[in-house]
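Take a look at the structure set out below.
The values are calculated or read from the model by the stated rules, or taken from the named source; none is laboratory data. The shown structure was predicted, so the numbers you read here are calculated from the model rather than taken from an experiment. Virtual Cβ from ideal backbone geometry, glycine too; neighbours counted across all protein chains shown.
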Amino acid sequence: MIVTTKLLKPTTFQPFSMTLTFETQEEFRDMSVLFSYYGQIPSVACHVFDEKYKRMQEICVKISDALEEVDQ
């Protein structure tokens, strides 16, 4: 798997883009499974569901949805 990043603009946070390139079907399936665990984030992260874990869950949902679109 290849992961590349690219800065979008120079600021304090320095936003960047990230590209995941899956070179094998196994990598793709593994990542699909990994990001499908978004529903379990609160229980994995100290049994607390706050704004940070909500944001983590939203990120995983977006990635999971994108992977699912490719798999159709």
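Couple of notes before you dig in:
- Any hit, the stretch 13-24, residues being touching a Phe, Trp or Tyr at 6+ places or on another chain (Cβ under 8 Å), among the polar types (S, T, N, Q) and at pLDDT below 85: no
- Checking each residue in the stretch 60-72 for being within 10 Å of TYR38 (Cβ to Cβ) and touching a helix residue (DSSP H, G or I) at 6+ places or on another chain (Cβ under 8 Å) picks out CYS60, VAL61, ILE63, SER64.
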